[in-house]
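Below: one structure, written as structure tokens.
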């Protein structure tokens, strides 16, 4: 599976946590990245919180094949600063959907974007959310629920979407059924 066409779909800007070499956490350094304006269909979001997950740890230790330099973190939440899409305006509070896809294939149109031939994850197949400002496709944004803190909103997407997908798509759990999660301790298990 190739991810080059989506490589530049996300622009992480300003100060950012950048994975530079697979030597553990010391291989992630704060770097300044250039700032630009969002293009059509893209939204500039000032990141208020980004969360680190297992993917970032694997990458830092060299267990995940990622070509450095790469801004880390799949999940984030922030405030719209500038928008190239009429659905979003400055001041909107958002959380960032962490997956990349073409939004047009049969799988994306059916809601199964994880099956898209161009599927990718922020922080792995493109730059991620551990930055001051990110430009991202407007379709990757959801309104932040008012009751969630910035940190909670940033920790929500990848973990809960993974749990939801496993329960609904893989296990085909119905509303009237109950599930027992053995060994619940990590994020996805707790979310389930």
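Structure above, values below:
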read-out: Rounded FRET efficiency, nearest 0.05, which uses the C-beta distance separating residue 112 from residue 160 and R0 of 22 Å; value: 0.80
read-out: Counting DSSP beta bridges with both ends in the chain, the antiparallel % (nearest 5); value: 95 percent
read-out: Length-normalised contact order for the chain - Cα pairs under 8 Å, 6+ apart - percent; value: 26 percent
read-out: Residue with peak Gaussian network fluctuation, the chain [Cα springs, cutoff 10 Å], from 173, 158, 95; value: 173
read-out: Cα pair distances exceeding 26 angstrom across the chain, given as percent; value: 32 percent
read-out: The chain, helix-only ellipticity at 222 nm - DSSP H runs n ≥ 4, -39,500 (n - 2.57), divided by all residues, nearest 500; value: -3500 deg cm²/dmol
read-out: Evaluated over region 15-110, the Cα radius of gyration and Dmax, each in Å; value: 15.4, 43
read-out: Protection proxy ranking of 130-141, 23-34 - average other beta-carbon atoms within 10 Å, highest first; value: 130-141, 23-34
read-out: Theoretical gain in end-to-end length, residue 104 to residue 29 [0.36 nm per residue, Cα-Cα removed]; value: 23.4 nm
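A short reminder: the numbers here are calculations on the coordinates, not readings from a lab. Here the structure is a predicted model, which means the values were calculated and not measured. Methodologically, a virtual Cβ is constructed for each residue, glycine included, from the backbone with ideal geometry; neighbour enumeration extends over all protein chains shown.
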